[in-house]
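Novice: My questions all concern the structure below.
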Amino acid sequence: MERFRIDTIVATPNPQQVIWAAMHQDYSEGYVIDEADMWPDEEKAGDLIIKYLLAGNRGHYGPLEHPQITLNVGFFPHSMMQQLRTHRVGISFDVQSFRYTGQRVIDVAKNAKNVEEVFYLRPVGQYDNRQGKKYQYTAEQRAEDLQWCLDACKRYQQRIEEGLSEEHARGLIPFDARQNFVVSCNTRSLMHLLDLRWKKDAQLEAQKFCELLYVRFEEWCPAVAHWYEENRAKKARLSP
Ligand SMILES: Cc1cc2nc3c(=O)[nH]c(=O)nc-3n(C[C@H](O)[C@H](O)[C@H](O)COP(=O)(O)OP(=O)(O)OC[C@H]3O[C@@H](n4cnc5c(N)ncnc54)[C@H](O)[C@@H]3O)c2cc1C
């Protein structure tokens, strides 16, 4: 788990003021930028948008669509990236593809990289399947599965040496290769992602993604993040 990362590449400065300005334009007679010297500061803007947009679940989310954040997400398994990519509205992705490069797979085959740097396997432990049946993933099974990944890397290396392209040979590697990506979203679509993927029955790795995403959200837009945490986080408030 400790390899998972989310880092902010860039984010709209003063997002709470931006949300406040968008809201303020809705009911202002004038042109809001002309009054910028009278705007509330970032913290006060946060209080006002909670009070006038979010408290009581009024559903006026439009102003939250203006501030944008771009994040680098690292070392999550392919399956988690696939789940995230089902979300289309207000969210953009660029994902490492394995079409052009596979050097890290070859590095595993050559023992230049540890299998776990390139592939993700769940930790040893007690799990439930989707029907609620409990099972144990043992240390012995996990060791065998690491060997399985290593063997697949060796086959990949062999096929590349025989002339296959990376996009062809990638079909040989285990499903949960770690994949890095860049994702951009706005304050509203970020909360939508958290709504759908921070639920207790979401895939374990998606929940880990949401924990790290929340840290970046809170740094960037604290008032809205705290409102989200108190009112929606992990409550399975699903979108229609
Ligand atoms: C627990 C869980 C399990 C899932 N399992 C599977 C699975 O097994 N296989 C699979 O393929 N997918 C699966 N999905 C993905 C799911 O079917 C949706 O594709 C995904 O959740 C994206 O939907 P969204 O509501 O977030 O859409 P977004 O693209 O993020 O859109 C945001 C909102 O905009 C509206 N919207 C967007 N597009 C439309 C549209 N075309 N028509 C009407 N309204 C729209 C909706 O209100 C939507 O909620 C799963 C999702 C979850 C949360």
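Novice: Restricting to the range 81-98, give me the number of residues that are at negative phi and within 12 Å of the ligand (Cβ to nearest atom). Spell out how you get there, then give the answer.
Specialist: Filtering the range 81-98 for residues at negative phi gives 81-89, 91-97.
Restricting the remaining residues to those that are within 12 Å of the ligand (Cβ to nearest atom) gives 82-89, 91-93.
Within the range 81-98, residues that are at negative phi and within 12 Å of the ligand (Cβ to nearest atom) number 11.
Here's the yes/no breakdown for (1) under 16 Å from residue 225 (Cβ atoms); (2) modelled with pLDDT of 95 or more:
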position	(1), (2)
33	no, yes
47	yes, yes
55	yes, no
60	no, no
73	no, yes
78	no, yes
81	no, yes
88	no, no
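Quick grid of which residues meet (1) outside the structural domain of residue 220 (by TED's automatic domain parsing); (2) free of Cβ contacts under 8 Å to residues at least 60 places away in the same chain:
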site	(1), (2)
84	no, no
112	yes, yes
122	yes, no
132	yes, yes
138	yes, yes
143	yes, yes
149	yes, yes
157	yes, yes
161	yes, yes
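Novice: Moving on. Note down all Cβ pairs under 7 Å where the first residue falls in the range 99-110 and is among the basic types (Lys, Arg), the second is assigned to a helix (DSSP H, G or I), and they're at least six residues apart or on different chains.
Specialist: 99/166; 99/167; 104/118
Novice: Inspect the range 174-190 for any residue being free of Cβ contacts under 8 Å to residues at least 60 places away in the same chain, more than 17 Å from residue 83 (Cβ to Cβ) and crowded, with 18+ Cβ neighbours inside 10 Å and give the result as yes or no.
Specialist: Quick first cut of the range 174-190, residues free of Cβ contacts under 8 Å to residues at least 60 places away in the same chain only: 174.
If we keep only those that are more than 17 Å from residue 83 (Cβ to Cβ) too, we end up with 174.
From what's left, crowded, with 18+ Cβ neighbours inside 10 Å: 174.
Yes: the range 174-190 contains one or more residues that are free of Cβ contacts under 8 Å to residues at least 60 places away in the same chain, more than 17 Å from residue 83 (Cβ to Cβ) and crowded, with 18+ Cβ neighbours inside 10 Å.
Novice: Out of all the residues in the range 53-79, which are within 12 Å of the ligand (Cβ to nearest atom) and either within 13 Å of the chain's Cα centre (by Cα) or buried (at least 18 other Cβ atoms within 10 Å of the Cβ) (or both)?
Specialist: Residue satisfying the conditions is 79 alone.
Novice: Can I ask one more? If the requirement is being out of contact with any His (no Cβ under 7 Å at 6 or more places or on another chain), in contact (Cβ under 8 Å) with a residue 40 or more places away in the chain and assigned by TED's automatic domain parsing to the domain that holds residue 189, which of these qualifies: 47, 37? Lay out the reasoning, then the answer.
Specialist: Details: 37 fails: in contact (Cβ under 8 Å) with a residue 40 or more places away in the chain.
Result: 47 is the single residue among 47, 37 that is out of contact with any His (no Cβ under 7 Å at 6 or more places or on another chain), in contact (Cβ under 8 Å) with a residue 40 or more places away in the chain and assigned by TED's automatic domain parsing to the domain that holds residue 189.
Table: residues versus (1) farther than 26 Å from residue 115 by Cβ; (2) over 15 Å from the mean Cα position of the chain (by Cα).
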site: 159; (1), (2): no, yes
site: 186; (1), (2): yes, no
site: 193; (1), (2): yes, no
site: 200; (1), (2): yes, yes
site: 204; (1), (2): no, no
site: 222; (1), (2): yes, yes
site: 227; (1), (2): yes, yes
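The values are calculated or read from the model by the stated rules, or taken from the named source; none is laboratory data. Not measured: the values here are computed from a predicted model. Cβ: placed from backbone, ideal geometry, glycine included. Neighbour counts: every protein chain shown.
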